[in-house]
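The values are calculated or read from the model by the stated rules, or taken from the named source; none is laboratory data. What you see is a predicted model, and the numbers here were worked out from it, not measured in a lab. Because the Cβ atoms are built from the backbone with ideal geometry, glycine has one as well, and the counts that use them run over all protein chains shown.
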Amino acid sequence: MKTIASQVSEYVKTKPYLSSALSQGIINLTSLARQIQPDIEKSLKKPARSGAIVMALKRISDNEEFLSTHRIVSVLKNLGDITVRSALTDYCFKLTDTLLLAQAKFLTEIKDRNDVFYTSSRGVGESNIVVSSNISYLVEEIFKDEICIDKLKNLSAITVKLPTENVKIPGIYYFIFQRLSWEGVNISEVISTSNEFTILMDEESVNVAFEVIKNLKSL
């Protein structure tokens, strides 16, 4: 059942700059309530009293989730370089006793290739290797005796450098991925280190994803 409180909360969640301003207490709630009243009434499909909207906004501004949002936004304003790469292939291999040996051989083959992209991640039962598509033939050759669970082609990657304080602020990745999800960006894989992360997606989604992440700096 839709209520004034639930609809006001949903409205604010779609406006990250607004949630940040609410957490700082710099917005006149009465004026804001009058401004968003038509949208809330449209969502509810019935009239909504301005006073009830003010109360809902007050509860939101006091909520720890929105106080946390303000801290997250402060970190995101200091995002570092954003690097985009295209024409990538993602391989998923089953972990075996010989997989690391194959990876070592592969790294030896590409150690002088500054023109190619390579990254890997290791889980409990499988390992992913992401490479520039122009060296896929090397992967096919060197890993031919390994068990390939999945292979995704025509991918792009966006790598983002984060401020060092990101490790002390909970919710940063959720905040970023939520906005990517809202824009319909389907993430194939995430690879991260302490102060940067890389996301992989279909090539047709990379422009939208880049705009979303770039715009986080100006929230």
Legend entry - Cβ-Cβ under 8 Å pairs, at least 6 apart or on other chains, the range 126-154 side farther than 17 Å from D202 by Cβ and assigned by TED's automatic domain parsing to the domain that holds D202, far side surrounded by 15 or more Cβ atoms within 10 Å (Cβ to Cβ) and among the charged types (D, E, K, R): I129/D90; I149/E126
Inset, instruction - Output yes when any residue across the range 35-44 is among the polar types (S, T, N, Q), in a helix (DSSP H, G or I) and exposed (fewer than 15 other Cβ atoms within 10 Å of the Cβ), and no when none is. - result: yes
Inset, instruction - Considering every residue within the range 68-84, establish whether at least one is modelled with pLDDT of 95 or more and over 30 Å from E204 (Cβ atoms). - result: no
Inset, instruction - Can you tell me which residue among S50, S86 is under 25 Å from the mean Cα position of the chain (by Cα) and of a type in the set (G, A, S)? - result: S86
Inset, instruction - May I ask you to list the residues in the range 152-182 that are over 11 Å from the mean Cα position of the chain (by Cα), surrounded by fewer than 14 Cβ atoms within 10 Å (Cβ to Cβ) and either charged (D, E, K, R) or in a helix (DSSP H, G or I) (or both)? - result: K153, T164, E165, V167, K168
Inset, instruction - Give the number of residues within the range 188-212 that are in a strand (DSSP E or B) and among the charged types (D, E, K, R). - result: 3
